Structure formats: structure tokens, C-alpha cells
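Structure first, then comments.
The values are calculated or read from the model by the stated rules, or taken from the named source; none is laboratory data. Bear in mind the structure is a predicted one, so any value in this text is a computation, not a measurement. Glycine gets a Cβ as well: all are built from the backbone with ideal geometry, and neighbour counts include every protein chain shown.
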Amino acid sequence: MIPMPELSIIIPVYNEHETIPELVGRLLKTAVLLNISCEMLFVDDGSTDQTPALLYEYAAKDMRIKIISFSRNFGHQAAVSAGLTYARGNAIAVMDGDLQDPPEFLPSLYALYKEGNDVVYAVRTSRKEGFIKRCAYFLFYRIARATGDGIALPLHAGDFSLMSRRVVDHINRFPERGRYVRGLRSWVGFRQVGLSYERDERHDGVSKYSIFKLFRLAYDCFFGFTRLPLLIINVLAFVFSLLSCLGIAVIFGLRLFTHAYIPGFASTAILILFTGGIQLFMLGIVGEYMKRLYDEVRQRPLYLVDKKINFDRES
């Protein structure tokens, strides 16, 4: 049997054929700089371009390059989770495949891990996205941190990180389907430290993370690791109860002490429509929790693997 590698590097990819040659080249150079045994675990999330073919070519030349191919696109967090499941290293790094997370930063993360830290997460000092996206990220991280259920989610820290074996083993035991891996990473605890880095622009191609996927990720964070949805319901319920009491007091005051006439239909109709909308919004939040309960009860797998490359060679 081939001994366990010291470091596993997990790279989820989806239609990234433009960046694969540069990514693989820089990863191999970084492995030389690290001077430790490494495996590079690419998780192909159902790519429809030349990404799988390119990866198979590189895997045929270097058995340190391992590939897990999904049967279809299951999403970035499912791909990261699959990588954590199949990674064999004593330390496990996670990075994106678009080269915004520079492979050359891995030795710095590994050095802090060797100092006794169980999680070393990379903190982005600047972003190359547009103004609206930057504002959305700014608000998201601060709201998530302020409303976290007993955990301090680090600001501006994505999936780019390096974790110890015991942290990954704990994360792999979590059964939930609505995965927010960086939240699970914080929830585990142990000794964690952040390290700032300059996030690069995409090397080539366009981002595969659409606005909808970003909102879906934020949903998984808010519904899985914060009190925010329930807090919104409680705040709205309190505000509208207070407004109702004030409205009743005003109406009785006008009726008892003045001769002012209050037209009824328009104000009543507006009030009914507005409160009805708020009630539907609250039901939507409750429905989201029920959907997540339904997903957990069905026990469908998080992903399906179509192919595994360079895993059978180890026996």
C-alpha cells in the first residue's frame, strides 16, 4: 500500500477547461516547494466542456492527481464535501479551481498548521468583483457573524483553507444535506487562525457562481448557522403588534375626543394587503425550514459518483 500523503489538496471544478493547464502546473510546482507527499484531488462537478478530458490526461501522467467525477452537477458545496470524504492526507486543503485562490499560498497555510493550528483559513484582503457584489459580500459576512448561533463566522473567509485530519473527520460525520462547509468548519472549533492574502482575479473564463447560487449559499448559511430568519419573524411580529396597539389607541382617541372622520375602506384594504404580504413572507420562512426537514428525512445522497481515477492504483 502507498503510504498516506501528508497533504491532500481538494479542488472542485466545473467547466474550468481554460484554467486547468495553468492550475495543474502551479499545483505541481507548489508541491515541490512544500517538499512533502501530496495528492491533488479534483472533484469534477458534472462539467460539460473539456474539463474531464484534460484532467484524465494529467491523471494518466501523475498518479498524485486523483479525480472524482459526479454523475451530474450537484453544486460546489457537495463537491467540497466529496473531496473531504475521499481525501487521505493528514492535512487537507480546499481551494477553488479558478486560480483566484493562488496555490503558492498553500505553504503559508501549511506552516501555520504545523505550528499546532487545526484550521488555517485564508482571509481575503480585497475583492476584484463589481461594486454591488462587494457590498453584498460585506453585508452577508457581517449579518452572518452577528446572528451566528454561538459561533463566530470569520469575516471574508471563504472555503480556501487548510484543516487537520481530526477536523475533517468530524465534518465528515455531519449528516446534513444543506451544506455550508465553512460554517461547519467554524462550528467544529479547535484551534483556528486566519491568514490574510490577496485574492487574484480569475485566470480565464467566467465565474460559474451565478447570483442565484450565491443567494442559495447565503440561504444555507442563514438557515443552518444563524438565528436570522426566526429573528426576522419575531421582529416583524413585535413591530406589527406595536403598530396595531398604537392604531387602536389613535382610533379610540379620535372617536372619543374629536369629531374627525376616518375613511374606512382604503385604509382597511391597504392594511389587509400589507399584513397579508408580511404573513406570506413569514410562512415562506417557515416553509424553508420545513423543506430542509423534508430533505433530511428523505435521506437522498448528497452526490453520486460516476468515475474515480487513480484511487484503485493504490492497492
Flag for Phe252 being part of a helix (DSSP H, G or I), surrounded by fewer than 10 Cβ atoms within 10 Å (Cβ to Cβ) and modelled with pLDDT under 70: no
Check every one of the helices (runs of 4 or more DSSP H) wholly within the range 7-120 and list those with 2 or more residues that are of a type in the set (D, E, K, R). 20-34, 51-61
Take the residues in the range 1-43 that are surrounded by fewer than 14 Cβ atoms within 10 Å (Cβ to Cβ) and under 22 Å from Val168 (Cβ atoms); name whichever of them is farthest from the chain's Cα centre (by Cα). Met1
Out of the range 1-60, which residues are among the polar types (S, T, N, Q) and either under 18 Å from Tyr113 (Cα atoms) or in contact (Cβ under 8 Å) with a residue 40 or more places away in the chain (or both)? Ser8, Asn15, Thr19, Thr30, Asn35, Ser37
Only listed residue being more than 28 Å from Pro21 (Cα to Cα), in the same structural domain as Arg191 (by TED's automatic domain parsing), at pLDDT 70 or above and among the hydroxyl-bearing types (Ser, Thr, Tyr), chosen from Ser164, Ser71, Ser81, Ser108: Ser164
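Among the residues of the range 58-95, which ones are in contact with a strand residue (DSSP E or B) (Cβ under 7 Å, 6 or more places away or on another chain) and more than 23 Å from Arg166 (Cβ to Cβ)?
The answer is Tyr58, Ala59, Arg64, Ile65, Ile67, Ser69, Phe70, Ser71, His76.
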Report, by residue number, each residue of the range 163-187 that is touching a residue at least 24 places away in the same chain (Cβ under 8 Å), of a type in the set (A, V, I, L, M, F, W, C), crowded, with 19+ Cβ neighbours inside 10 Å and assigned to a helix (DSSP H, G or I). Val167, Val168, Ile171, Val181
